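Asks: Below you'll find the structure I mean.
The values are calculated or read from the model by the stated rules, or taken from the named source; none is laboratory data. Note that this is a predicted model, so its numbers are computed, not measured. Positions of Cβ are backbone-derived with ideal geometry, glycine not excepted, and every protein chain shown enters the neighbour counts. Surface accessibility is based on the protein's heavy atoms, side chains included, excluding ligands, DNA and RNA. Shrake-Rupley method; radii C 1.70, N 1.55, O 1.52, S 1.80 Å.
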Amino acid sequence: MPERDFLDKMINKRAARNPEFPRLLDAARRRRELLRALAGQREEQKRSQTVIAAAMQTSQSFVARLESTAADVKISTVDRYAESLGFVVQYHLIPTAEADSIPPVVVHAA
């Protein structure tokens, strides 16, 4: 078993103070996976952040933050980003007990 590192210890400490913390952390992970998938599609389409920003009517630096550090982005922003790449984001409600067995992001590329 791998040795526990600082991040593991910090997560356990926060979870001890706030029992909802692991759930919040998991939700953030799923959002990051979605944004990484969108960034991957942008790169696959060989489109720059500037082009995507223009389509979203925002700045290149905003798109860069979305792709790298956006902690809690609005759903409408994710929808605009996806639309600028020719995608629509669909939402599926999955029972909590099944969530670990279903991938959080599925891309159906044309």
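Asks: Could you count how many residues in region 67-110 are touching a residue at least 24 places away in the same chain (Cβ under 8 Å) and in contact with a His (Cβ under 9 Å, 6 or more places away or on another chain)?
Replies: Residues in region 67-110 being touching a residue at least 24 places away in the same chain (Cβ under 8 Å) and in contact with a His (Cβ under 9 Å, 6 or more places away or on another chain): 1 in total.
Asks: Go through (1) open to solvent by less than 60 Å² (accessible area, probe 1.4 Å); (2) outside any helix (DSSP H, G or I) for Ala64 and report which single condition fails.
Replies: Condition not satisfied by Ala64: (2).
Asks: Mind listing whichever residues of region 1-35 are of a type in the set (Gly, Ala, Ser) and open to solvent by less than 80 Å² (accessible area, probe 1.4 Å)? Let's see the steps before the verdict.
Replies: Taking region 1-35 first, the residues of a type in the set (Gly, Ala, Ser) are 15-16, 27-28.
Scanning region 1-35 gives Ala15, Ala27, Ala28.
Asks: Would you tally the residues in region 36-54 being part of a helix (DSSP H, G or I), more than 13 Å from the chain's Cα centre (by Cα) and surrounded by fewer than 16 Cβ atoms within 10 Å (Cβ to Cβ)?
Replies: Here the count works out to 5.
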